[in-house]
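Novice: Submitted below is the structure of interest, expressed as structure tokens.
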């Protein structure tokens with residue numbers, strides 16, 4: 001096995017917004033960035049349509065976005081984290097502008113602000129309309145490739161973190177030329193989300209929680225894993241992954257109807273702009289009743305739809321749908337994970353030398369239900385916090401050893417049906433127990449699906465422990481809030497295994 005001594009330089013795992021921004025903030029310190037795909041490709045950041053929530057408009061202020069975030073988080077946000085991240089929005093937007101992101105402007109040259117669900121102000125900053133993620137990633141990719149201190153290793157998938165005495169000493173990666181052992185004492189996980197654990201998802205196929213599996217196997221504490229956000233308006237065309245129909249379409253007045261033209265959410269508080277979990281459940285219930293569901297923008301936008309949403313228009317027309325004259329078929333799909341690797345204010349995990357940033361991290365910002373467009377904000381803001389912490393940590397030379405046999409590739413496909421049925425929009429105790437029973441043997445098998453099964457098991461275990469309904473986590477057998485559970489949840493991989501052994505001993509023989 002090839003071994004590379006990085007001389008103490010940190011490794012960033014992941015090529016989305018969080019990873020690239022962290023690398024740029026670390027400059028001129030040398031850093032190695034591992035990316036499975038070419039930069040800007042196959043990342044959730046590049047696919048993001050909704051833009052960045054930033055309380056910097058003339059009628060806005062941080063207190064208002066903080067209030068909206070806490071309300072959406074349904075009682076379990078870390079209020080200090082919310083205040084710290086939201087208050088840094090202006091600085092993050094200014095840095096992105098400096099790096100060349102072409103944010104949309106109004107006729108006077110000022111930043112243009114859009115509205116999304118559960119926001120009390122128009123505060124969503126876009127770039128290229130519904131192509132915000134693409135434009136942001138294009139600018140950051142150019143900046144990274146022009147920065148001599150950043151070494152990008154493409155086509156490299158991190159497979160294990162090497163730990164000694166709860167301290168990072170290296171990373172095992174798979175490359176086109178075989179396994180490589182990178183010696184380093186500082187690692188930043190920025191691998192995105194877990195949507196690909198589900199049959200219906202808006203995430204890239206590789207987003208199945210690989211970073212969470214890495215950290216969990218290394219002994220890191222996870223937080224809020226049970227909270228998976230299902231976007232209510234994925235384009236329902238049977239593709240995998242499903243194209244997203246941005247919440248901004250509803251922000252511009254589009255309504256949700258069924259095949260009879262009934263606006264079945266009209267009497268729900270907030271209607272189409274209610275929090276995402278409310279809208280997703282309403283659509284799911286209606287579909288379970290045998291109905292088809294559509295997003296109708298004909299009256300609100302009509303002929304101007306392509307101008308406002310060129311990317312969505314292209315995806316619709318490719319599927320034979322004209323959003324100018326036809327309602328758009330939609331369904332809920334796994335979209336964002338509020339849970340992840342538990343980190344402190346500087347992005348540090350419970351393992352020394354391991355940080356996490358972006359969707360893979362759980363900062364406490366999102367609570368039980370992410371407020372729209374707070375995700376890219378979190379990644380951009382926390383990248384600076386993480387970079388400052390990494391730079392202030394003394395680098396050490398390490399000599400890692402790794403002799404374990406592991407699967408050379410990862411494949412979440414065998415996990416998707418299990419997770420979709422047991423840990424989807426609606427959950428219950430028997431279904432979650434069945435999922436744990438099915439997933440545990442996959443972990444032990446050391447097969448391509450093992451890492452995905454590990455993440456799925458931990459999500460199912462966390463969902464089983466939370467015996468209430470809150471935010472994006474809905475238990476049909478515990479349909480109400482439990483005031484005693486109005487707090488964040490924390491879990492280690494070993495604890496999830498113990499849950500499997502205690503609750504379904506037949507899963508372990």
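Every number in this text was worked out from the coordinates using simple rules, so none of it is lab data. Quick caveat: nothing in here was measured; it's all calculated off a predicted structure. Every residue, glycine as well, gets a Cβ built from its backbone with ideal geometry; the counts of neighbours run over all protein chains shown.
Novice: Only counting other Cβ atoms within 10 Å, I'd like 480, 344 sorted with the fewest neighbours first.
Specialist: Values: 480 9, 344 14.
Ranking 480, 344 by Cβ neighbours within 10 Å, fewest first, gives 480, 344.
Novice: Over the Cα atoms of the chain, what is the Rg over Rh ratio if Rh follows Kirkwood?
Specialist: Values: Rg = 21.7 Å, Rh = 22.8 Å.
Result: Rg/Rh = 0.95.
Novice: Using only Cα positions of region 407-508, each an equal point scatterer, no hydration layer, compute I(q)/I(0) via Debye at q = 0.14, 0.17, 0.19, 0.20 Å⁻¹ and quote the log10 values to two decimals.
Specialist: -0.51, -0.73, -0.89, -0.97
Novice: Any idea what the relative contact order of the chain is, in percent, if you count C-alpha pairs under 8 Å spaced at least 6 apart?
Specialist: Working: 1229 pairs, mean separation 107.9, N = 509.
Answer for the chain is 21 percent.
Novice: Here is a follow-up. What is the gain in length, in nm to one decimal, between residue 428 and residue 63 on full extension, counting 0.36 nm per residue of separation less the C-alpha to C-alpha distance?
Specialist: Values: separation 365, 0.36 × 365 = 131.40 nm, distance 3.66 nm.
Result for the pair: 127.7 nm of gain on full extension.
Novice: Set the Förster radius R0 to 51 Å, insert the Cβ-Cβ distance between residue 502 and residue 303 as r into 1/(1 + (r/R0)^6), and round the FRET efficiency to 0.05. It would help to have the intermediate numbers written out before the result.
Specialist: Working: r = 60 Å, r/R0 = 1.18.
Efficiency at R0 = 51 Å is approximately 0.25.
Novice: Per DSSP H run of at least 4 residues, take -39500 (n - 2.57); add these up for the chain, divide by its residues and hand me the 222 nm value, nearest 500 deg cm²/dmol.
Specialist: Details: 16 runs with 168 residues, N = 509.
Estimated from H runs of four or more residues: -10000 deg cm²/dmol.
Novice: Can you compute the modelled spin-label distance between residue 404 and residue 87, with each label point 7 Å from Cα toward Cβ, in nm?
Specialist: 4.1 nm
Novice: What list do you get for 113, 478 if you sort them by fewest beta carbons within 10 Å?
Specialist: Working: 113 23, 478 18.
Neighbour counts put them in this order, fewest first: 478, 113.
Novice: Something else now. Please work out the FRET efficiency for the pair residue 446 and residue 37, using the Cβ-Cβ distance as r and a Förster radius of 41 Å; give the result to the nearest 0.05.
Specialist: Values: r = 25 Å, r/R0 = 0.61.
My answer for the efficiency is 0.95.
Novice: Expressed in whole Å with the largest first, what are the equivalent ellipsoid semi-axes of region 199-350 derived from the C-alpha gyration tensor as the square root of 5 times each eigenvalue?
Specialist: Working: eigenvalues 212, 58, 42 Å².
They are 33, 17, 14 Å, listed from largest to smallest.
Novice: What is the spin-label model distance, in nm, from residue 175 to residue 482 if the labels are put 7 Å beyond Cα along the C-beta direction?
Specialist: For the pair residue 175/residue 482, the computed spacing is 4.9 nm.
Novice: What FRET efficiency would be calculated for the residue pair residue 239, residue 411, taking the C-beta separation as r and a Förster radius of 22 Å, to the nearest 0.05? Walk me through the numbers on the way to the answer.
Specialist: On the way: r = 19 Å, r/R0 = 0.86.
For residue 239 and residue 411, the calculated efficiency is 0.70.
Novice: What is the fewest-to-most order of 466, 84, 276 by other Cβ atoms lying within 10 Å of their Cβ? Mind dumping the intermediate values first?
Specialist: Values: 466 21, 84 17, 276 26.
Ordered by Cβ neighbours within 10 Å, fewest first: 84, 466, 276.
Novice: Let me ask something else. Could you work out how far apart the two model spin labels at residue 108 and residue 392 are, taking each label as a point 7 Å from the Cα in the direction of the beta carbon, and quote it in nm?
Specialist: The answer from the label model is 3.9 nm.
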